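Asker: Submitted below is the structure of interest, expressed as structure tokens.
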Amino acid sequence: QVQLEESGGGLVQPGGSLRLSCTASGSTSLINAMGWYRQATGKQRELVAHMSNDGSATYADSVKGRFTISRDNVKNSVYLQMNSLEPEDTAVYYCNALDKYDYWGQGTQVTVSS
């Protein structure tokens, strides 16, 4: 079992920045990828970005050039630096870890509004 703990959400004005953090605990040795998903009200959960253990990253087209994912494999952590935030980025952001199962954090709210 893997447990995920997220932090860093909040309210920010359009054009602002936030950094999300997620730390995995438990049986972390078999994790082969970690990342972030988001779910806006009334919409399906969607991939934001994820990164494999080898450092290869995938981004949703909507966040390319604005968001950056990074990992610290020693700390079993994944981060999401979000810049140039837009109201359309408002959602609950979920940390995800993958071994042979999917693990999810509890979610952290990001609200972009003036």
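Asker: So how many residues does the range 85-102 have that are open to solvent by less than 70 Å² (accessible area, probe 1.4 Å), part of a loop (DSSP other than H, G, I, E, B) and closer than 12 Å to residue 33 by Cβ?
Answerer: Within the range 85-102, residues that are open to solvent by less than 70 Å² (accessible area, probe 1.4 Å), part of a loop (DSSP other than H, G, I, E, B) and closer than 12 Å to residue 33 by Cβ number 1.
Asker: May I ask you to verify whether residue 37 is at pLDDT 95 or above, open to solvent by 50 Å² or more (accessible area, probe 1.4 Å), of a type in the set (Phe, Trp, Tyr) and touching a Leu at 6+ places or on another chain (Cβ under 9 Å)? Quick ask: steps written out before the conclusion?
Answerer: Values: at pLDDT 95 or above: yes; open to solvent by 50 Å² or more (accessible area, probe 1.4 Å): yes; of a type in the set (Phe, Trp, Tyr): yes; touching a Leu at 6+ places or on another chain (Cβ under 9 Å): yes.
The answer is yes for residue 37.
Asker: With (1) under 12 Å from residue 110 (Cα atoms); (2) open to solvent by less than 50 Å² (accessible area, probe 1.4 Å); (3) assigned to a strand (DSSP E or B) as the list, and residue 11 as the residue in question, which single condition is left unmet?
Answerer: Among (1) under 12 Å from residue 110 (Cα atoms); (2) open to solvent by less than 50 Å² (accessible area, probe 1.4 Å); (3) assigned to a strand (DSSP E or B), residue 11 violates only (2).
Asker: Is there any pair linking a residue in the range 38-52 that is under 15 Å from residue 109 (Cα atoms) to one that is in a loop (DSSP other than H, G, I, E, B), with Cβ under 8 Å and at least six apart or on different chains, and which?
Answerer: The qualifying pairs are 38/45; 39/45; 39/107; 40/90; 46/60; 48/60.
Asker: For the range 76-97, how many residues are within 30 Å of residue 29 (Cβ to Cβ) and under 13 Å from the mean Cα position of the chain (by Cα)?
Answerer: So the answer is 12.
Asker: For residues in the range 103-114 being farther than 22 Å from residue 53 by Cα and part of a strand (DSSP E or B), which is most open to solvent (accessible area, probe 1.4 Å)?
Answerer: Filtering the range 103-114 for residues that are farther than 22 Å from residue 53 by Cα and part of a strand (DSSP E or B), the one most open to solvent (accessible area, probe 1.4 Å) comes out as 109.
Asker: Now, a different point. Is there any pair with a first residue in the range 56-84 that is touching a residue at least 12 places away in the same chain (Cβ under 8 Å) and part of a loop (DSSP other than H, G, I, E, B) and a second that is surrounded by 15 or more Cβ atoms within 10 Å (Cβ to Cβ) and not β-branched (Val, Ile, Thr) whose Cβ atoms are under 6 Å apart and which are 6 or more apart or on different chains, and what are they?
Answerer: Filtered contacts from the range 56-84: 76/24; 83/66; 84/66.
Asker: Of all residues in the range 14-34, which are assigned to a strand (DSSP E or B), of a type in the set (A, V, I, L, M) and either over 14 Å from the mean Cα position of the chain (by Cα) or farther than 17 Å from residue 74 by Cβ (or both)?
Answerer: 18, 20
Asker: Go through the residues of the range 69-78 one by one and say whether even a single one is closer than 23 Å to residue 16 by Cβ, surrounded by fewer than 15 Cβ atoms within 10 Å (Cβ to Cβ) and of a type outside the set (Gly, Ala, Ser).
Answerer: For the range 69-78, residues closer than 23 Å to residue 16 by Cβ, surrounded by fewer than 15 Cβ atoms within 10 Å (Cβ to Cβ) and of a type outside the set (Gly, Ala, Ser): absent.
The values are calculated or read from the model by the stated rules, or taken from the named source; none is laboratory data. Since we're looking at a predicted model, the values are computed, not measured. Using ideal geometry, Cβ is built from the backbone for each residue, glycine included, and neighbour counts are taken over all protein chains shown. Just the protein is used for accessible areas: all its heavy atoms, side chains included, with ligands, DNA and RNA removed. Shrake-Rupley method; radii C 1.70, N 1.55, O 1.52, S 1.80 Å.
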